[in-house]
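Beneath this line is the structure, given in structure tokens, with notes to follow.
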Amino acid sequence: MEKMENVTYMQAGPVLIIGLPEEVDDHVCNGIREETDRYISAGKVQKLIFDFSKTGFMDSSGIGILLGRYKRMHHMGGEVLVTGEDAKIRRLLRISGVYQVVGTL
């Protein structure tokens, strides 16, 4: 398991679980994007799971991370899931339309 700015990455076979920090904003999103893309580029990830268990705040850059990784994974035949969302994050994901393309656990 790797850790970066309170973001954790745990890979189990073709599944990559990304434990997100308390705040998912522009400050951390560039790092999340780069590190997640590094795992995807290695070619062994078929399912991304974004874990929001510790997240209480997310801005539009977080939405961009989810949609961008969805687009990349979808193109490769993979999938993106979210889990652990609290009511505020769930509402944001619903209003932004993320739930139309990203599954939930």
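What follows is calculated from the coordinates using simple rules that are stated; it is not laboratory data. Given the structure is predicted, the values throughout are model-derived calculations rather than measurements. Heads up, the Cβs are rebuilt from the backbone with ideal geometry, glycines too, and the neighbour counts pull from every protein chain shown.
Once both labels are positioned 7 Å from their Cα atoms along Cα-to-Cβ, the gap between Met76 and Asp37 label points is 1.3 nm.
Taking Gly62, Gly78, Gly43 as the candidate residues, the one with maximal mean-square fluctuation in a Gaussian network model of the chain, Cα springs under 10 Å, is Gly43. By the count of other C-beta atoms within 10 Å, a proxy for reagent exposure, Leu81, Leu16 are ordered fewest to most as Leu81, Leu16. Within segment 2-104, antiparallel bridges make up roughly 35 percent of the DSSP beta bridges whose residues both belong there. With an a/c value of 1.5 or above and a/b not larger than b/c for the gyration tensor axes a ≥ b ≥ c computed over the alpha-carbon atoms, segment 2-104 is described as oblate.
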